[in-house]
Amino acid sequence: MKWFRWGDELLDSGYVQVPNALVKRQAELDLSPTDMDLIVQAAACFRQDDTMSPSGRILAERMGISERQVTRLKKRLMSLGYLECTERNIAGRRTTDDWDFSGLMDSLKHLMSERPDTDVTPAPDAEVTGGPDTDVTTSHTTKQTTTHTISKDRYGEFKNVLLTVDEHQKIGERFGIRTAIEKIEALSTYKKSKGKTYKDDYATILNWARKDGNVPIAFHGDKTDTRSNDPDKYVKGAYGHMVNR
């Protein structure tokens with residue numbers, strides 16, 4: 001029997017776990033196709049600290065809708081009791097909210113307890129019991145460890161700087177938009193010209209910034225980036241050897 005598999009080449013860039021129960025109970029939960037899309041897109045922003053704080057702009061770009069539509073969908077899920085949002089602040093500045101879908105999970109569990117799912121899709125390599133007409137199968141008996149892969153987007157001229165949505169936002173908040181773009185482009189150029197790879201591009205950017213003596217924008221005491229806009233100063237900094245070659 002052939003199973004539907006994405007393959008390592010596609011899964012290496014990250015994946016989102018969605019239970020079959022959510023897909024099958026979509027109508028019972030009064031979730032529209034766009035609601036489901038938003039839930040999946042938000043889940044793709046899941047972080048290693050078990051939180052998610054998706055950007056409205058990023059969600060709008062990925063879904064092909066406006067930020068206003070994203071806000072309406074977000075409020076609808078909140079009104080259904082499926083989503084709870086908590087304000088998040090960094091250095092006293094309001095940033096993206098933390099999203100919590102505990103309400104959705106509780107509602108789904110309640111539906112499952114009232115009407116158990118008898119149409120269970122067998123897992124790959126699971127041992128199927130019963131005759132050919134049965135849909136219920138046994139699960140794996142071998143203990144497995146699940147590794148959560150965080151989805152990262154590609155940035156820079158050569159699309160080789162890998163950052164999560166949260167990391168990209170933090171760089172902008174920490175250094176200001178203009179300087180953040182410069183740092184991402186510097187890393188992109190260096191990786192391309194030298195054939196370099198790093199375990200963590202976000203950590204690399206922060207490490208280079210410390211060596212270059214950059215002061216995070218949050219430490220200026222206001223929301224204005226007071227550093228020089230002179231591009232020559234940037235080229236002469238720690239990244240000069242990368243930019244000039």
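The values are calculated or read from the model by the stated rules, or taken from the named source; none is laboratory data. From a predicted model like this one, the values you see are computed outputs, not experimental measurements. Using ideal geometry, Cβ is built from the backbone for each residue, glycine included, and neighbour counts are taken over all protein chains shown.
Name the single residue, out of those in the stretch 26-46 being at pLDDT below 90 and in a loop (DSSP other than H, G, I, E, B), that is surrounded by the most Cβ atoms within 10 Å (Cβ to Cβ).
Looking at the filtered set, the residue picked out is C45.
Take D133 and decide whether it is modelled with pLDDT of 55 or more and either in a strand (DSSP E or B) or out of contact with any Phe, Trp or Tyr (no Cβ under 8 Å at 6 or more places or on another chain) (or both).
No.
Quick check, is Q144 polar (S, T, N, Q), modelled with pLDDT under 85 and exposed (fewer than 15 other Cβ atoms within 10 Å of the Cβ)?
Here the answer is yes, as Q144 does meet what is asked.
Do we find that R93 is modelled with pLDDT under 90, farther than 27 Å from E114 by Cα, basic (K, R) and under 20 Å from the mean Cα position of the chain (by Cα) in this structure?
no
Restricting the search to the stretch 174-185, which residues are under 17 Å from S55 (Cβ atoms) and surrounded by fewer than 19 Cβ atoms within 10 Å (Cβ to Cβ)?
Correct list: I177, I181.
I'd like to know if the stretch 198-219 contains one or more residues that are among the acidic types (D, E) and modelled with pLDDT under 90.
Yes - at least one qualifying residue is present in the stretch 198-219.
Residues of the stretch 56-99 being surrounded by 16 or more Cβ atoms within 10 Å (Cβ to Cβ), hydrophobic (A, V, I, L, M, F, W, C) and in a helix (DSSP H, G or I), which ones?
Those that are surrounded by 16 or more Cβ atoms within 10 Å (Cβ to Cβ), hydrophobic (A, V, I, L, M, F, W, C) and in a helix (DSSP H, G or I): I58, L59, A60, M63, V70, L73, L77.
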